[in-house]
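The values are calculated or read from the model by the stated rules, or taken from the named source; none is laboratory data. Keep in mind the model is a prediction, meaning the values are calculated, not measured. Every residue, glycine among them, receives a Cβ derived from its backbone with ideal geometry; neighbour counts consider all protein chains shown. Accessible surface areas use protein heavy atoms only, side chains included; no ligands, DNA or RNA. Shrake-Rupley method; radii C 1.70, N 1.55, O 1.52, S 1.80 Å.
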Amino acid sequence: MRLERLDHLLSRLGYCSRSEVRQWLRDGRIQITDLPRPQCNSKVDPQQVYVDDEPLDPAQPLYLLYHKGLGSVCAHDDPRSIYDDLPMRWRYRRPVLSSVGRLDRDTSGLLLLSDDGQWLHRWSHPRQAVPRRYRVQLAEPLREDAESIFASGTLRLQGESSPCRPAVLQRLGPREILLTLREGRYHEVRRMLAALGNHVVGLHREAFGPFTLGDLPEHEWRFLRADEWESRP
Ligand code: URA
């Protein structure tokens, strides 16, 4: 296990500033297994550090599955940021947490979050063409040839030079579909349906690659298990 200076570790994980660590030590809020008198500059194993009797958050990268609710946005600096659903201290954690792609304000569903840049890149890179499945509610009954148009790989959205990648459409009812895309362009689902003269009134991402929400409620998150975050697109 990599040892790290106590004050550096706690500020990097967003618990407090480096200068506050001294006060926290005086107040007895920090305990370290096998180190009865820790100092700010003590080199510590993060797994042996307790703050207010709780073990530290993982010092290594975080890998999270998150259920976004309607009305929040994926930006950090918005009064309705998705990051408000996570522990407050994670806002100060370095490196910064980001999502794999984004969902609109009016879209709910599955997001992956991490502070591991390489992992984020791997899951979001267009070359991987990770399938993302959306449940879509429509204002109008869907036209009959929608499956073949979406599957053709020729649908061109306004202002885009290349056509959408082939997408798989499954009808659940006259105004409800599942749509699986292998790319993530800006407002893509809404724009694809608009190109067919329809209008999306409800949009929810159910799956991203092998990941699904299971019974995770809206606005909640969980750590991915090692076998989940170690999987490859
Ligand atoms: N397509 C959209 O239109 N919005 C999303 O949030 C995701 C995909």
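Annotations for the structure displayed:
- Distant-in-sequence amide contacts of LEU62, defined by a placed amide H-H separation under 5 Å and a gap of 5 or more residues or a different chain, comprise ASP115, ASP116.
- Theoretical gain in end-to-end length, HIS8 to LEU216 [0.36 nm per residue, Cα-Cα removed]: 71.5 nm
- DSSP-assigned coil residues among trypsin sites (Lys or Arg not before Pro) in the stretch 42-87, each with at most 14 further Cβ atoms within 10 Å: ARG80
- Dipole moment magnitude, nearest 20 debye, the stretch 109-232 about Cα centre, only Lys, Arg, Asp, Glu C-beta charged: 360 debye
- Per residue, the accessible area of the chain comes to 54 Å² when a 1.4 Å probe rolls over the protein heavy atoms.
- Computed with a 1.4 Å probe over protein heavy atoms only, the accessible area of ASP27 comes to about 90 Å².
- Residue among GLY69, GLY153, GLY202 with the largest mean-square fluctuation in a Gaussian network model of the chain, springs linking Cα atoms under 10 Å: GLY153
- Computed about its Cα centre, the charge dipole of the stretch 1-90 is approximately 320 debye, with only Lys, Arg, Asp and Glu carrying charge at their Cβ.
- Options LEU25, TYR92, LEU120, ranked by Cα towards positive dipole end of the chain, top entry (Cβ charges): LEU120
- Accessible carbon and sulfur surface of the chain relative to its total accessible area, %, 1.4 Å: 48 percent
- Other residues within the sphere of radius under 14 Å centred on the Cβ of GLU220, judged by their own Cβ, net out at -2 (K and R +1, D and E -1).
- Potential lengthening of the chain between SER162 and GLN47 amounts to 36.5 nm, from the contour at 0.36 nm per residue minus the alpha-carbon distance.
- The Cα center of the stretch 194-208 and the Cα center of the stretch 112-136 differ in position by 19 Å.
- The stretch between ASP27 and ARG89, if pulled fully straight at 0.36 nm per residue, gains 20.4 nm over its current Cα-Cα span.
- Cα-centred dipole magnitude for the chain, charges only on beta-carbon of K, R (+1) and D, E (-1), debye, nearest 20: 640 debye
- Choice from LEU103, LEU86, LEU25 with maximal GNM fluctuation in the chain (Cα, 10 Å cutoff): LEU25
- Positive-end ranking of LEU3, GLN137, GLY153 along the dipole of the chain, with charges on Cβ about the Cα centre, is headed by GLY153.
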